[in-house]
Amino acid sequence: MDVDVRGQRFEFSDQIRDDERLRPGFNALTRETYGFDFEAWYQNGNWGDRYQPHVLAKDGKVVANVSLNRMEVVLEGRRVALAQIGTVMTAPAFRHQGLSAYLMGRVLEAVRREERPVFLFANDSVLDFYPKFGFVRGTETQCVIPLRQGGQSRFRRLDMDREENRARVLSLYGAGQPFSALYEVDNPGLMMFYLESFMKDCVYELECGALAVAEREGDGLLLHAVLNNGHVDLFEAARQVADANTRRVCLGFSPKDRTGFQQEPFKEEDSTLFWLDGKKPQGFEGLRIPQLSHA
């Protein structure tokens with residue numbers, strides 16, 4: 001459909017996933033802005049219905065986007081509906097013309113009708129933009145396991161190019177995460193976006209039988225997820241995926257039982273959490289939104 005934004009005519013669409021005409025332009029703008037695209041995710045069948053770009057196009061070229069990711073999470077045993085805004089971008093020649101504001105208005109109108117709490121992560125260059133729409137800064141808490149003696153290196157890397165390994169990850173995802181206080185459900189595609197691209201070399205099978213998604217950062221380890229369909233001890237999993245040089249394991253999620261963890265305020269570099277109208281679901285205080293659920 002055609003829309004008017006400050007006297008200019010654009011084509012608007014919120015149904016581009018299967019649109020062979022507009023999807024390539026959306027991917028091109030994503031590459032230009034963020035250095036990656038969503039085409040492999042789409043071709044692998046992992047782009048589901050929950051991730052919904054809202055684009056403006058000029059002469060068939062996508063020039064602006066605001067994406068809406070509808071989420072269902074389990075929070076302390078109860079299901080909660082959320083919405084996350086991401087992939088906000090405008091082509092350089094079309095910036096400062098109100099395109100992102102127009103798209104943000106459309107997206108927020110939709111989620112307000114659905115009465116979903118809305119959050120996003122903003123980089124430092126746009127911290128003044130989102131408060132104009134009622135977004136208020138939020139906080140997160142990170143759990144840390146100190147490893148003064150280092151880890152055990154009792155793991156093997158899982159080859160995510162192999163179909164059977166991807167199927168195993170998806171099966172464990174479907175079993176849920178009973179050790180986690182907050183985790184997303186019914187959206188394996190978002191996790192696979194990471195595990196088939198940026199983090200394809202970060203999936204490990206542990207001696208205890210669990211799978212771990214972890215990134216090594218000097219003498220630290222960022223443990224994004226532990227997948228297991230039975231009981232797993234997070235401290236043991238952390239020790240097994242860590243190597244002898246690891247001195248600190250930071251969890252990219254919030255464990256249900258935080259006994260024995262160091263807890264500290266968390267803010268990722270160049271990324272600030274915002275909640276629409278400052279409203280977050282009851283029970284979110286003191287938690288960290290899982291890293292693998294960032295859209």
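Using only Cα atoms, what is the ratio of the radius of gyration of segment 1-136 to 2.2 N^0.38 Å? Don't skip to the end; give the middle numbers.
Working: Rg = 15.1 Å, N = 136, 2.2 N^0.38 = 14.2 Å.
It is 1.06.
Taking every DSSP beta bridge with both residues inside segment 174-295, roughly what % is antiparallel (nearest 5)? Intermediate results must be reported in sequence, preceding the final value.
Working: 11 of 15 bridges.
Just about 75 percent of them are antiparallel.
Could you tell me which of LEU120, GLY150, VAL80 has its Cα farthest along the dipole of segment 61-173 towards the positive end, charges placed at Cβ (Lys, Arg +1; Asp, Glu -1), taken about the Cα centre?
Positive-most Cα among the choices belongs to GLY150.
How much length is gained if the chain between ARG157 and ASP201 is pulled fully straight, taking 0.36 nm per residue apart and subtracting their Cα-Cα distance, in nm to one decimal? Mind showing how you got there, number by number?
Values: separation 44, 0.36 × 44 = 15.84 nm, distance 0.72 nm.
Net length gain for the segment: 15.1 nm.
For the chain, take the longest principal axis of its alpha carbons; what is the angle in degrees between that and the long axis of helix 23-34, to the nearest 10 within 0 to 90?
Roughly 60 degrees, rounded to the nearest 10.
Of the GluC sites (Glu not before Pro) in segment 3-62, which ones lie in a loop per DSSP and count no more than 12 other C-beta atoms within 10 Å? It would help to have the intermediate numbers written out before the result.
Details: sites: GLU11, GLU20, GLU32, GLU39; in loops: GLU20.
Filter output for segment 3-62: GLU20.
Report the Stokes-Einstein translational diffusion coefficient (µm² s⁻¹, integer) for segment 177-295, Rh taken as the Kirkwood radius over Cα pairs, at 20 °C with viscosity 1.002 mPa s.
It diffuses with D of about 140 µm²/s by this estimate.
For the chain, what is the relative contact order in percent, using Cα pairs closer than 8 Å and at least 6 residues apart in sequence?
RCO, the chain: 22 percent.
Setting aside same-chain residues fewer than 8 positions from LYS58, which lysines have a Cα under 30 Å from its Cα?
Counting by Cα, and skipping residues close in sequence, LYS58 has these lysines nearby: LYS132.
Say each of LYS279 and ASP243 gets a label point 7 Å from the Cα, pointing the same way as Cα to Cβ; how far apart are those two points in nm?
4.8 nm
Based on a Kirkwood Rh over C-alpha pairs, give the Stokes-Einstein translational diffusion coefficient of the chain at 37 °C and viscosity 0.692 mPa s in µm²/s.
Working: Rh = 20.3 Å.
For these conditions, the coefficient is 162 µm²/s.
Relative contact order of segment 7-129: what whole-number percent is it, with Cα pairs under 8 angstrom and at least 6 residues apart?
Working: 173 pairs, mean separation 26.1, N = 123.
Once divided by the residue count of segment 7-129, the mean separation gives 21 percent.
What is the antiparallel percent of DSSP beta bridges lying wholly in the chain, to the nearest 5?
Antiparallel bridges make up about 90 percent of those DSSP assigns within the chain.
Restricting to DSSP loop positions (anything but H, G, I, E, B) with no more than 11 other Cβ atoms inside 10 Å of their own Cβ, which trypsin sites (Lys or Arg not before Pro) remain in segment 226-261? Mind dumping the intermediate values first?
Working: sites: ARG239, ARG247, ARG248, LYS256, ARG258; in loops: ARG247, LYS256, ARG258.
Answer by residue number: there is no such site.
Just to be sure I follow: if Rg is taken over the C-alpha atoms of segment 131-215 and Rh is the Kirkwood radius over the same atoms, what is Rg/Rh?
1.05
Hand me the trypsin sites (Lys or Arg not before Pro) from segment 1-72 located in a DSSP loop with no more than 13 other Cβ atoms within 10 Å, in residue order please.
Numbers: sites: ARG6, ARG9, ARG17, ARG21, ARG31, ARG50, LYS58, LYS61, ARG70; in loops: ARG6, ARG17, ARG21, ARG50.
Filter output for segment 1-72: ARG6, ARG21.
Under 19 Å Cα-Cα from LYS256, which lysines qualify once same-chain neighbours fewer than 8 residues away are excluded?
LYS280
Hey, what number do you get for the chain at 222 nm if only DSSP H runs of n ≥ 4 count, each worth -39500 (n - 2.57), divided across all residues, to the nearest 500?
Working: 6 runs with 61 residues, N = 295.
Rounded to the nearest 500, it is -6000 deg cm²/dmol.
So how many Å³ per residue does the convex hull of the Cα atoms of segment 236-295 work out to?
Details: hull volume 8.1 nm³, N = 60.
Each residue corresponds to 134 Å³ of Cα convex hull volume.
Tally Lys/Arg at +1 and Asp/Glu at -1 over every other residue whose Cβ is under 13 Å from the Cβ of VAL73; what's the total?
Values: positive: ARG50, ARG70, ARG78, ARG79, ARG116, LYS280, ARG288; negative: GLU72, GLU76, GLU184, ASP186.
Here the charged neighbours net out to +3.
Between GLU217 and GLU39, what FRET efficiency comes out of the Förster formula 1/(1 + (r/R0)^6) with R0 = 22 Å and r the beta carbon distance, rounded to 0.05? Please report the intermediate quantities before stating the final value.
Values: r = 29 Å, r/R0 = 1.30.
Once the sixth-power term is evaluated, E becomes 0.15.
Read the figures in this text as sums done on the coordinates, not as results from a lab. All values reported here derive from a predicted model rather than from experimental measurement. For neighbour counting, all protein chains shown are included, and Cβ atoms are generated from backbone atoms with ideal geometry for every residue, glycine included.
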